[in-house]
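Trainee: Dropping a structure here in structure tokens format, bear with me for questions.
The values are calculated or read from the model by the stated rules, or taken from the named source; none is laboratory data. Keep in mind that what you see is a predicted model, and the values were worked out from it rather than measured. Cβ placement follows ideal geometry from the backbone for every residue including glycine, while neighbour counts extend to all protein chains displayed. Keep in mind that these areas ignore ligands, DNA and RNA; they rest on the heavy atoms of the full protein, side chains included. Shrake-Rupley method; radii C 1.70, N 1.55, O 1.52, S 1.80 Å.
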Amino acid sequence: MDLPRYPYHQTLEQRSGQPQRRPVVIVGAGPVGLTLALDLAKRDVPVVVIDDSDRIGEGSRAVCWAKKTLEVFDRLGVGEAVAREGVRWQRGRVFHGECEAYAFDLLPESHHKMPAMVNLQQDQVEARLVRAAQLDGRIELRGRHELIGLEQDAEDPSQGVTLTVRTPDGLFDMRADWVVGCDGARSPTRTLLGLSFTGQVFEDRFLIADVRLGAGVRPRGLDPARPERWFWFDPPFHRGQSVLLHAQADGLWRIDFQLGRNADVEAERNVDRIKARVAQMLDTEGFELVWSSIYQFCCRRASAFRVGRVLLAGDAAHQVSPFGARGANSGVQDADNLGWKLAAVVKGEGGRDGLALLDSYEAERIAAADDNIGHSTRATDFISPKSALSLRFRRAALDLAAHAEFAKPLVNSGRLSMPTDMGGSALNTPDADAWVGGPAPGCPAPDAPLESGWLSEQWHGEFTLLAFGDAVDVDGRVLVLPADGIAAQRYAAQPGCVYLVRPDAVVAARWRRFDAAAFRAALARAYGRPHE
């Protein structure tokens, strides 16, 4: 696929020297910034996206896209293409040496539109998002616009934000009601806000190698027709370390070698050395090395996700290890959480000043970041033990997992990305009725097949009332579902049950019987207006 570009051009603002105030400016044209831009545009909020580059970054980088992320992409018009072009998988196998310790299935139940995971190189996903943004007249994508300054009026926040931007034609100022920094781990936005970015830096280094196999070559017996995630602890071809193998689109395979904390980085970058490692792992030289990179990683987050009218999302707000595919996926889910809230504030629907609604973004996504960092840190500690005692524990867990069910959960090669339960959100209305099963307030609303299509296709980015069995009369969007069948089972619904689902497909409230006053109160609460 030829990658689209967003070349620099001089704007009227630059030529006139008169900044035009925009509702929203997004800094960063990666997956997170583009997802947010598309989401806001679908809500009729004009967006300007600026980026210091004018092209998509090279290399596969993020590769695993989780079911929730695919559902977000689907609502924005690119999900089916990503799922079609990528490699679908749901099973994984973990090995200790040459023996299988255990296997897992991320989505053991059937009847979901989107798969558990799709592997597709980040540049291919970004290409889809860029093209979608370029076709939307409500999005202006500006390349080679580097953010170098931010100013807010602390005395009068309604004055918005002034951005100082460097371009090939020099500096100029932009004005915005709201700014969202989606500009990555080295985020200029976060730096200009003066926010701390604290957490743990892991000393181990890892080597990524993307390879294309020759015709008929199967790495260690893996069947390309049934792709799985394979992870080795202490394999015979890389003793004392770990290795991860993934299938990618276009016939590529991602191999991730643990090198250890004392690795000679310059020596490990040598192409012949990388090829030798790959050949030993695959037991063949019938491959082409397409791309490689050596990295360290951190588990950390910003001290705040909102300062006045500037917000952070994605790697600008939090970082995790790559084990578990929680980085890009959690960033897309940041955008999914923020899009409807920011649009409501821009349109004056988020309460008196909208701050409660945007505070809920910060609270919910900090909780999600802490959850992801916790999972990521535990996985890294298991993959790279820091003491002899930790190493003995890992060996014991791996040895037991091969034949003892209780030990399998102790093995941690990276808990794969799942959306965080936001049960403590201020936007939730607690259950007034007794429920056994079904998604509680704060949980993701599960997909299910309908007579025509899928329930996930009905999340149109607005509040939706699911009514099981009987229609209800409300001012808003109502979807009547059968009181039997798979959807009713997944929602533990009986005739008369209703669920209020947020625009980001999170359950806000549920009742055994519809009550108009309770519905209105729950809707106001979910909009950040609990006292209405």
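Residue by residue, here is whether (1) over 23 Å from residue 343 (Cβ atoms); (2) of a type outside the set (Phe, Trp, Tyr); (3) in contact with a strand residue (DSSP E or B) (Cβ under 8 Å, 6 or more places away or on another chain) holds:
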| site | (1), (2), (3) |
| --- | --- |
| 33 | no, yes, yes |
| 42 | no, yes, no |
| 47 | no, yes, yes |
| 54 | yes, yes, yes |
| 67 | yes, yes, yes |
| 72 | no, yes, no |
| 82 | yes, yes, yes |
| 91 | yes, yes, yes |
| 94 | yes, yes, yes |
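Here is a yes/no grid of residues against (1) among the hydroxyl-bearing types (Ser, Thr, Tyr); (2) without any contact (Cβ under 8 Å) to a residue 12 or more places away in the chain; (3) assigned to a loop (DSSP other than H, G, I, E, B); (4) closer than 23 Å to residue 171 by Cα:
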| position | (1), (2), (3), (4) |
| --- | --- |
| 14 | no, no, no, yes |
| 37 | no, no, no, no |
| 40 | no, no, no, no |
| 44 | no, no, yes, no |
| 62 | no, no, yes, no |
| 68 | no, no, no, no |
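Trainee: I've got another one for you. Return the residues of region 165-186 that are over 14 Å from residue 47 (Cα atoms) and open to solvent by 40 Å² or more (accessible area, probe 1.4 Å); say none if nothing qualifies.
Mentor: Applying the first criterion (over 14 Å from residue 47 (Cα atoms)) to region 165-186 yields 165-173, 183-186.
Once the filter is applied, which keeps residues that are over 14 Å from residue 47 (Cα atoms) and open to solvent by 40 Å² or more (accessible area, probe 1.4 Å), region 165-186 yields 166, 168, 169, 171, 173, 186.
Trainee: Ok, one more. Count, please, the residues in region 25-62 that happen to be farther than 19 Å from residue 167 by Cβ and more than 21 Å from the chain's Cα centre (by Cα). I'd like the intermediate steps shown before the answer.
Mentor: Residues of region 25-62 farther than 19 Å from residue 167 by Cβ: 30-32, 34-46, 56-62.
From what is left, the residues that are more than 21 Å from the chain's Cα centre (by Cα) are 44-46.
Of the residues in that region, 3 qualify.
Trainee: Taking residue 84 and the conditions (1) among the basic types (Lys, Arg); (2) touching a residue at least 60 places away in the same chain (Cβ under 8 Å); (3) on the phi < 0 side of the Ramachandran plot, which numbered condition does it fall short on, given that it satisfies the others?
Mentor: (2)
Trainee: For region 366-419, how many residues are of a type in the set (A, V, I, L, M), open to solvent by 50 Å² or more (accessible area, probe 1.4 Å), free of Cβ contacts under 8 Å to residues at least 12 places away in the same chain and touching a helix residue (DSSP H, G or I) at 6+ places or on another chain (Cβ under 9 Å)?
Mentor: 1
Trainee: Across region 108-150, what is the total count of residues that are in contact (Cβ under 8 Å) with a residue 40 or more places away in the chain, open to solvent by 30 Å² or more (accessible area, probe 1.4 Å) and of a type in the set (A, V, I, L, M)?
Mentor: Residues meeting the conditions: 2.
Trainee: Determine, yes or no, whether residue 333 is open to solvent by 10 Å² or more (accessible area, probe 1.4 Å), farther than 25 Å from residue 157 by Cβ, of a type in the set (S, T, N, Q) and at pLDDT 95 or above.
Mentor: Values: open to solvent by 10 Å² or more (accessible area, probe 1.4 Å): yes; farther than 25 Å from residue 157 by Cβ: yes; of a type in the set (S, T, N, Q): yes; at pLDDT 95 or above: yes.
Spelling it out, residue 333 is indeed open to solvent by 10 Å² or more (accessible area, probe 1.4 Å), farther than 25 Å from residue 157 by Cβ, of a type in the set (S, T, N, Q) and at pLDDT 95 or above.
Trainee: Are any residues in region 289-314 β-branched (Val, Ile, Thr) and open to solvent by less than 10 Å² (accessible area, probe 1.4 Å), and if so, which ones? Quick ask: steps written out before the conclusion?
Mentor: Looking only at region 289-314, we keep the residues that are β-branched (Val, Ile, Thr), and these are 290, 294, 307, 310.
Once the filter is applied, which keeps residues that are β-branched (Val, Ile, Thr) and open to solvent by less than 10 Å² (accessible area, probe 1.4 Å), region 289-314 yields only 310.
Trainee: Specify which of the listed residues (423, 496, 528, 437) is at positive phi, out of contact with any Phe, Trp or Tyr (no Cβ under 6 Å at 6 or more places or on another chain) and open to solvent by 30 Å² or more (accessible area, probe 1.4 Å).
Mentor: Unique residue meeting the criteria: 437.
Trainee: Which count do you get for residues in region 204-241 that are open to solvent by 30 Å² or more (accessible area, probe 1.4 Å) and acidic (Asp, Glu)?
Mentor: The qualifying residues number 2.
Trainee: Further question on the same structure: Just to be sure before I move on: is residue 175 under 26 Å from residue 192 (Cβ atoms) and either within 27 Å of the chain's Cα centre (by Cα) or of a type outside the set (Ser, Thr, Tyr) (or both) in the structure I sent? Lay out the reasoning, then the answer.
Mentor: Details: under 26 Å from residue 192 (Cβ atoms): yes; either within 27 Å of the chain's Cα centre (by Cα) or of a type outside the set (Ser, Thr, Tyr) (or both): yes.
Against the criterion (under 26 Å from residue 192 (Cβ atoms) and either within 27 Å of the chain's Cα centre (by Cα) or of a type outside the set (Ser, Thr, Tyr) (or both)), residue 175 qualifies.
Trainee: Can you tell me which condition residue 515 does not meet? The list is (1) open to solvent by less than 50 Å² (accessible area, probe 1.4 Å); (2) out of contact with any Cys (no Cβ under 7 Å at 6 or more places or on another chain), and all the others hold.
Mentor: Of everything listed in (1) open to solvent by less than 50 Å² (accessible area, probe 1.4 Å); (2) out of contact with any Cys (no Cβ under 7 Å at 6 or more places or on another chain), residue 515 misses just condition (1).
Trainee: Those residues that are of a type in the set (Gly, Ala, Ser) and not in a helix (DSSP H, G or I), I need them from region 248-279; list them, please.
Mentor: Step one: list which residues in region 248-279 are of a type in the set (Gly, Ala, Ser), which gives 249, 251, 260, 263, 267, 276, 279.
Passing the criteria: 260, 263.
Trainee: Out of the residues in region 265-288 meeting the condition of being free of Cβ contacts under 8 Å to residues at least 12 places away in the same chain and over 21 Å from residue 234 (Cβ atoms), tell me which one is least open to solvent (accessible area, probe 1.4 Å). Give the steps one after another, and end with the answer.
Mentor: Initial filter on region 265-288 (free of Cβ contacts under 8 Å to residues at least 12 places away in the same chain): 266-267, 270, 272-273, 276, 279, 285.
After this cut, where a residue has to be over 21 Å from residue 234 (Cβ atoms) as well, the list is 266-267, 270, 272, 285.
On the way: 266: 130, 267: 31, 270: 75, 272: 111, 285: 158 Å².
Across region 265-288, the extreme among qualifying residues is 267.
Trainee: Among the residues in region 315-323, are any open to solvent by 40 Å² or more (accessible area, probe 1.4 Å), closer than 21 Å to residue 256 by Cβ and in contact with a strand residue (DSSP E or B) (Cβ under 9 Å, 6 or more places away or on another chain)?
Mentor: Our first condition is that a residue be open to solvent by 40 Å² or more (accessible area, probe 1.4 Å); within region 315-323, this holds for 315, 322.
Right, trim to closer than 21 Å to residue 256 by Cβ and you get 315, 322.
From what's left, in contact with a strand residue (DSSP E or B) (Cβ under 9 Å, 6 or more places away or on another chain): 322.
Within region 315-323, one or more residues are open to solvent by 40 Å² or more (accessible area, probe 1.4 Å), closer than 21 Å to residue 256 by Cβ and in contact with a strand residue (DSSP E or B) (Cβ under 9 Å, 6 or more places away or on another chain).
Trainee: In addition: Mind listing just one residue for me: the one in region 76-101 that is in a strand (DSSP E or B) and open to solvent by less than 40 Å² (accessible area, probe 1.4 Å) and, of those, farthest from residue 223 (Cα to Cα)?
Mentor: 101
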